[in-house]
Every structure is written in structure tokens, then in C-alpha cells.
Amino acid sequence: MKRRSVFFLIFFSLTAMAARSQSFYDVRWTGGSISYYGFLIFYSDNDAIMRIRYLDRNGKYKVAEYKCTGKQGETEDHIRYYFLGGQDARVVYGPTDYGYSADNFLFYNVNSEGHFDKLYTYDGNDLKSDDLASHLKEATWRKMDPSELTADYVYNYFDKTERYYTILTTLGNPHYVSPRTDVTLHLIIMANTRDNSIGRGCEVDRRALKIEFENIASALNIPIDEKIYSEQDFTKTNLLNAINDLHPGSNDIVVFYYRGHGFRWNDQQSSWPQMSLNYSEFQAKESFPIENVYTSIVQKGARLNLIFGDLCNSNIGLNYREVSDQSATAFQSAFYPDMQKLHKLFIDSKGNLLSTAARPTEVSWVNPYDGGFYTSSFLESLHKEVSAMSGNGDWDELVNSTIDKAFYKSTTGCGTCSAQHGIKYVSIN
């Protein structure tokens, strides 16, 4: 009976779940006398593509494709699960005498590290049964490294004339980029990792952002100058010193990322939030406008200035709880950039960007395992924008995607969340 209750709750108690981008998974199961082999390209919870190969009942080779969206929930017995649902399946290769019913996947008993006890699958036809539990099929699930995407493996799912075939079979090839000494990436991160309500999520973001920009600098073979302030170093003094000590060259890149509490004054006219710069409630209250950070950094004269803030924008005095109690996804981040698109974003681009997580009066949401909805969406969108399979290496599209994904996470099934609409200013060519 417990297993049946899981599936009853799937459709009534789902909450949004952050996941990070462009990873590849191999999934396999048997249904009846047919063996199914799946290949998933995963960007984010609302952006994934599955291809399934199998021999149909007449022994004909077929490949089906469908989109997937993922959500997580909890049973009445407080067992967490992740649900990846397929929609709009179609047969892309083989006889089309009958179609394919999209599969659904249930990752059962997911812990805080994203591991799960069992994976079950069922398709749309199984939903017609009064006893869905009897139609569950156990499946295996494995994350793949791009080096495993050999020509033989990819050809099982994609014809050689398809664009994805060429892209996937070349992902594992190393790219050498000549070192550059005329460009430096300056990275400043302020993360309130000590705060009782959002500290764990801010630490997730601090760590992810540090790794991300180090990977970018390494891929482009340019030096990186890091100033990262967290724990007791999360202070207004350190923020102002970091900006004052910043002396970028005319061809350099400056990235500033704030991760903490935010607010707006009740009589404030500007749409941009104030950054709260206290890591303890026992400290004197200090703050600084993020638009002033933007103005100060732009005046330094770097070629590319990117200022981000994942923080609330609600009126001061309103008591919002930012933490959404959610578990981590079973999917993990991957960084497999198309070097031409990465080069376009960071080397060929010139201009300024300011974007934050919420409109005036709104809050931004975070969970302790996946970090802020805005920050995880930024990383997902960045990966997709520089992916060989999608994206154009465009900052405006990247920020639009970040805002859209964060809105999706805050509105799709997250019962405790209010909608967050990010705001942006992008002037980059």
C-alpha cells in the first residue's frame, strides 16, 4: 500500500527542485519481453530530452524521443522522491505503425546528497490501470562522461546526418587554448554563509560559483584574481575594500556576485535592492545598494563588467522566510563548453550587466542543498548558453533564461514559495 500511496501523491505534492545543467545519463529497463535503453540529455528540471532505443514486438529497431520535466516531492511517510516525467513522445527512427508512450521515472527515497534507493519507471499506458504499483519496472541509471560518447554508442540513438551526432561524438576531445596574458578575470564573491536561515544555501552557491569561474578561466587559459568573502569576512568593510582595490586592465573581465539577504527601503524609488552586510543578528545593521557596486565597478574601465545579486527585494520590516526545505536532485552539474561560444561570452563581448533575483516587494528563494533558485538557474543557463548543442553565447539570452528558470522553480508546485521575477540591465555587444 505504501508504494501505491507514493504514486497518488506524485500528482498532488510536488515541489520545484533545482538541478544543474547539461549532463548525460544512460538508463535501462525491461518491460514485458522488450529491453529499453535510454540516453538523457539533461539541462535543467524543465529542459531535458530523452531518446529510447528498443526492438518492438515485431523485432523492428526503433528510436523514440520525448521531452522530460522533473519535480520532487514527499510521501505521507516523509520519504522524498524525484519525479522525471516524459511528454509528447514520437518515433524518430523505425516503422511508425504504432507510436510510443512517454516514460516516467521515480527516484525513490532521495537523500540530501542526491542518492536514491530505487528507480522505477512506467509509461502513460500504465496509468490506465487501477493498480499502478503492479506495473512498476525497476531501472538502472548512470551518469556518463563525455569520453564514453563514442561513435558506436551515439549511433544507437542519433543518425549520422543529425547535428547532435557530430556534437556528441566530439565532446570528449580535449581543446587546447593558447594562454593569454592580456586578459584577467577578476572575481569578487560576497556570500553570507553564517546566516541561520540561508547560510547553508549560500555556501552551496559560494562553492559552485568559485568552481564555475575557475573552470571558465582554465578553459580560456586566462589568469583569475579571486576575492571571496564568507563566514566572518562577510562585511561591508571588506566589500568596499575589494571594490577600492580593484584595478582592472582595459581588456579585463570583472565578475561580482552577491549571495545573501536583501531588502528595499519603504520609500525607495530605485528598483534595485539593498545588500544586507551582517552575518549575525547581533551586529550593527549595515547595508549597501547593489547598483552602487555596479556604478563603482563600471567606472574602473574593464572591458566586461558582470554584476549579479541573488537576494530579496522586499520592503524592510516584512518578515519573510527564505529557506524552502527541499532535497537535492539526483542530477549533477557538468561543464562541457563549446569553446567558440565561451570565447564569445567572455573574450569577444564588451559592456556591462546588472541582474538581481527579484522585483521590488518580492523575495528570492533558496534551499540548503541546491542553493538559490536564481544562482542555480544562472549556472544552468550559463552551461546551456555555451553548450555545443544549444545557445548562442549571448549574455541577454543567458540572463533571460536565468530569470525564467528561477520563476519556474518558484511557481511550479513549490507550495511555500511566492513567485520571483528577476530584473536585469544588459548593455553588451
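The values are calculated or read from the model by the stated rules, or taken from the named source; none is laboratory data. As the structure is a computational prediction, the values presented were derived from the model and not from experiment. Because the Cβ atoms are built from the backbone with ideal geometry, glycine has one as well, and the counts that use them run over all protein chains shown. Please note that ligands, DNA and RNA were not included when accessible areas were found on the heavy atoms of the full protein model with its side chains. Shrake-Rupley method; radii C 1.70, N 1.55, O 1.52, S 1.80 Å.
List of remarks:
- Residue list for the range 213-238, restricted to those being surrounded by fewer than 16 Cβ atoms within 10 Å (Cβ to Cβ) and among the small types (Gly, Ala, Ser): SER218
- Qualifying residue in the range 196-208 (condition: of a type in the set (A, V, I, L, M), touching a helix residue (DSSP H, G or I) at 6+ places or on another chain (Cβ under 8 Å) and at pLDDT 95 or above): no
- Remark: SER390 falls outside the filter, which requires a residue to be of a type in the set (Ser, Thr, Tyr), open to solvent by less than 10 Å² (accessible area, probe 1.4 Å) and either under 15 Å from GLU212 (Cα atoms) or part of a loop (DSSP other than H, G, I, E, B) (or both).
- Test: residue in the range 356-379 that is of a type outside the set (Phe, Trp, Tyr), open to solvent by less than 10 Å² (accessible area, probe 1.4 Å), at pLDDT below 80 and closer than 22 Å to GLY262 by Cβ: no
- Scanning the range 78-92 for residues that are closer than 15 Å to ILE49 by Cβ, surrounded by 11 or more Cβ atoms within 10 Å (Cβ to Cβ) and either under 21 Å from the mean Cα position of the chain (by Cα) or not β-branched (Val, Ile, Thr) (or both) yields LEU84, GLY85, GLY86, GLN87, ALA89, ARG90.
- Neighbours by Cβ (under 6 Å, 6+ apart or cross-chain): first from the range 30-43, over 17 Å from HIS135 (Cβ atoms); second open to solvent by 50 Å² or more (accessible area, probe 1.4 Å): TYR37/ARG28; TYR43/LYS384
- The C-beta contact set for the range 217-242 (first residue closer than 15 Å to SER276 by Cβ, second residue in a helix (DSSP H, G or I), distance under 6 angstrom, 6+ apart or interchain) comprises TYR229/ASN238; SER230/ARG206.
- Of the residues making up the range 112-119, not a single one is modelled with pLDDT of 90 or more, assigned to a strand (DSSP E or B) and open to solvent by 10 Å² or more (accessible area, probe 1.4 Å).
- Given (1) more than 24 Å from the chain's Cα centre (by Cα); (2) open to solvent by 20 Å² or more (accessible area, probe 1.4 Å); (3) more than 25 Å from THR361 (Cα to Cα), number of the condition SER287 does not satisfy: (3)
- The set of residues from the range 243-264 being free of Cβ contacts under 8 Å to residues at least 60 places away in the same chain and touching a strand residue (DSSP E or B) at 6+ places or on another chain (Cβ under 7 Å) comprises just one member, PHE263.
- Consider the range 402-415 and keep the residues that are surrounded by fewer than 23 Cβ atoms within 10 Å (Cβ to Cβ) and out of contact with any strand residue (DSSP E or B) (no Cβ under 8 Å at 6 or more places or on another chain). The one that is nearest to GLY262 (Cα to Cα) is PHE407.
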